[in-house]
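Everything on this sheet refers to the single structure shown next.
The values are calculated or read from the model by the stated rules, or taken from the named source; none is laboratory data. Since the model is a prediction, treat every value here as computed from it, not as a measurement. A quick note on method: Cβ atoms are made from the backbone with ideal geometry, for glycine too, and the neighbour counts reach across all protein chains shown. Side chains included, ligands, DNA and RNA excluded: accessible areas come from the protein's heavy atoms. Shrake-Rupley method; radii C 1.70, N 1.55, O 1.52, S 1.80 Å.
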Amino acid sequence: LNEFLPDSEPDELEDDTPLRSGGILNSIATLRLTSFLEEEFEIKIEAHEMGEFDTVEEIVALVTEKQ
């Protein structure tokens, strides 16, 4: 939230908020998020998988699957 929506309130971000299609994450931000997820959770996200997440729910599902 601090990284991508610095002027927003925490309750504005829901699990189903569209991140990429909603304009919150652009291509650079998606790469930064992917790098963070890989380092934080010690997983490898393939390039084709980055397009599979648009919401927090989808990110959680991908990370859970990779663990």
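Any residue in the range 47-66 that is in a helix (DSSP H, G or I), out of contact with any Asp or Glu (no Cβ under 8 Å at 6 or more places or on another chain), of a type in the set (S, T, N, Q) and modelled with pLDDT under 90? No, that holds for no residue. Being touching a Leu at 6+ places or on another chain (Cβ under 9 Å), within 20 Å of Q67 (Cβ to Cβ) and open to solvent by 50 Å² or more (accessible area, probe 1.4 Å) holds for only one residue in E52, E12, E39, and it is E52.
So which pairs qualify, if the first residue must be in the range 2-17 and farther than 19 Å from R32 by Cα, the second must be at pLDDT 80 or above and open to solvent by less than 100 Å² (accessible area, probe 1.4 Å), the Cβ gap must be under 6 Å, and the two must be at least 6 apart or on different chains? Matching pairs, first to second residue: D15/V56; D16/T55.
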